[in-house]
Amino acid sequence: MADSFVGSGPLVTVYVPCRNYGRFLCQAVESVQRQLYANWEMIIFDEASDDDTLEIAESLRRADPRRIRLVHNVQPRGLQWIANRALETANGKYLVRLDADDWLDESALLVMVAKLESDDKLGLVYGNYYYTDADGQILGVERGYDINAEEQSGQLPPHGACTMVRARALKAVGGYSEDINAQDGWELWFKLRRRVKAANLDTPVFYYRQHSTSLSRNSQRLLAARSKILSRLCDTLEGSYKPSCLAVIGARESYPDFPGVPYHEVDGQSLLERAILSATGATRVTDTVVTSDSERVLTFAEQLERDGRVPPHRRQLRQTVAVESAVPLREILSEAAAGHRGVYDSAPDCLAFLSIHAFNRRAEHVDKALSVLRLTECDSVVSVHQEREPVFTHGQQGLRLLNPGRLDELSYVRERLYRFNGAILALWHEVIGMGSLLGENIAYIEMSGKDSIQLKADAVSAFSL
């Protein structure tokens, strides 16, 4: 065990959530006990574990009762509940979450405390981390972006674990939302990023274990939690003025290899019906228009409304008739915005273009895109699917691998590649007149592989950016 040579300084509270990770818990706790910075306390939360977690945690507490406390939950309460209880009972000036299956580098507390103490305006600090396999063998190093120089959109929050937070700053924003049981790092980041300064350290501070039961492998759960967090945070921005948003559903009737597109059914609903429902069901959409160069398509949309299959919406015959498969999206949006002005005497504040081919897109995805558009203040938001297979480009000596971490099933931040899935493009109205339809600052929402599926002929590009 390393000798702690810093015995004074502000107290740090390390809290350790644990559910059925008894096999890892000792290593996590011992990594704190080996810290070069000695002024810490620990709270272990046993989340109604079915394994030997409680017995191991109790033995660790008995061995170091002055610094270690144990909370046993008879039923799982969730990560955010634990975070709030830790915040409520912590004696420390600073707070750190250490997951029971991870462990700290021996200098972690020392370097993070030193950084926070160097600037009273800093509210949180975080470092890089090692990826390890289930047995603790190092697989690679995650090196994050410099948030003050390289990444300022706010869409790359620090890892929720092993980020050191000034407890007072976290209390000032009301802690965590306990009805959301994942992605606490996202909530923390968006709550604090405009209130306090943040800093990242270009050194690894913890070991992030990859194994089959890791929460990080449940991507659907993480994306759902992220949507809820973003929507709630956007609600806090609401004032007397509510930005208007026009949902634009572009519906061409046929393509050379795909006739009758809007009428094609999936699970008893036509593609056009599903698109209209995803727009009209979004709480941040204030107006929906189906635009097409086919009167038959618009008649079909009108019939869907008459039959009560979709809510009321507007329909607009597009003046620009495409002679090829690609339709200029800028013209579609411009005509739709002009139609909105004709009805409401004003242009919409923002627009969301929804392709009818993305049949698994839902209203929550549309709301998420519009929330991100407001929270990040970017020019546009695109829906994407993260590429999880190795991707190559041409290099000097043949193909060059763009994301080598994928060979080890790792998703390094700097190697992540995103593919536009065609489901949603949200943008501020003023961006339509810019040189690029996406503007200069592009944000994104990530959708799962299933939700990103599009129904169209492989050779057809439905719309041209």
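The values are calculated or read from the model by the stated rules, or taken from the named source; none is laboratory data. Treat the numbers as computed from the prediction; the structure is a model and nothing was measured. For neighbour counting, all protein chains shown are included, and Cβ atoms are generated from backbone atoms with ideal geometry for every residue, glycine included.
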From L271, L233, L237, L215, grab the single residue that is closer than 30 Å to D135 by Cβ and either modelled with pLDDT under 70 or in the same structural domain as H385 (by TED's automatic domain parsing) (or both).
-> L215
Matching entry among L223, L277 (being of a type in the set (A, V, I, L, M), modelled with pLDDT of 85 or more and more than 26 Å from M164 (Cβ to Cβ)) | L277
Test V391 against the stated conditions and say whether it is modelled with pLDDT of 90 or more and either within 22 Å of P328 (Cβ to Cβ) or outside the structural domain of L333 (by TED's automatic domain parsing) (or both).
-> no
Six or more apart or on different chains, Cβ under 8 Å: which pairs go from a residue in the range 250-261 that's in contact (Cβ under 8 Å) with a residue 12 or more places away in the chain and on the phi < 0 side of the Ramachandran plot to one that's surrounded by fewer than 17 Cβ atoms within 10 Å (Cβ to Cβ) and of a type in the set (V, I, T)? Could you list them?
-> Y255/V460; P256/V460; D257/V460; F258/V460
Listed residues V372, V366; which is in the same structural domain as R416 (by TED's automatic domain parsing), at pLDDT 95 or above and either touching a strand residue (DSSP E or B) at 6+ places or on another chain (Cβ under 7 Å) or not in a helix (DSSP H, G or I) (or both)?
-> V366
Failed criterion for S346 (all others in (1) among the polar types (S, T, N, Q); (2) assigned to a helix (DSSP H, G or I); (3) within 25 Å of R315 (Cβ to Cβ) hold) | (2)
Taking the range 263-302 and the residues there that are among the aliphatic types (A, V, I, L, M) and part of a loop (DSSP other than H, G, I, E, B), the one that is nearest to the chain's Cα centre (by Cα) would be A282
Residue check, A57 among the hydrophobic types (A, V, I, L, M, F, W, C), in contact with a helix residue (DSSP H, G or I) (Cβ under 8 Å, 6 or more places away or on another chain), over 30 Å from R414 (Cα atoms) and touching a residue at least 24 places away in the same chain (Cβ under 8 Å) | yes
If you take the residues in the range 397-422 that are among the aliphatic types (A, V, I, L, M) and surrounded by 13 or more Cβ atoms within 10 Å (Cβ to Cβ), which one is farthest from R361 (Cα to Cα)?
-> L401
For R419, all conditions in the list (1) part of a strand (DSSP E or B); (2) touching an Asp or Glu at 6+ places or on another chain (Cβ under 8 Å); (3) over 30 Å from E265 (Cα atoms) hold save one; what is the number of the exception?
-> (3)
Residue count, the range 281-300, condition buried (at least 18 other Cβ atoms within 10 Å of the Cβ) and either under 17 Å from R362 (Cα atoms) or in contact (Cβ under 8 Å) with a residue 40 or more places away in the chain (or both), comes to 11
Considering every residue within the range 77-96, establish whether at least one is among the aliphatic types (A, V, I, L, M), touching a Ser or Thr at 6+ places or on another chain (Cβ under 6 Å) and under 20 Å from V165 (Cα atoms).
-> yes
Does D179 count as assigned by TED's automatic domain parsing to the domain that holds L116 and either at pLDDT below 75 or touching a Ser or Thr at 6+ places or on another chain (Cβ under 8 Å) (or both)?
-> yes
Test R406 against the criterion of being assigned to a strand (DSSP E or B) and charged (D, E, K, R), and give yes or no.
-> no
Scan the range 164-172 and give yes if some residue there is among the small types (G, A, S), assigned to a loop (DSSP other than H, G, I, E, B) and either at pLDDT 70 or above or in the same structural domain as V366 (by TED's automatic domain parsing) (or both), otherwise no.
-> no
Residue check: is D293 under 30 Å from S371 (Cβ atoms) and modelled with pLDDT under 95?
-> no
Test each condition in (1) more than 15 Å from L425 (Cα to Cα); (2) touching a Gly at 6+ places or on another chain (Cβ under 8 Å); (3) crowded, with 22+ Cβ neighbours inside 10 Å for Q316 and report the one that comes out false.
-> (3)
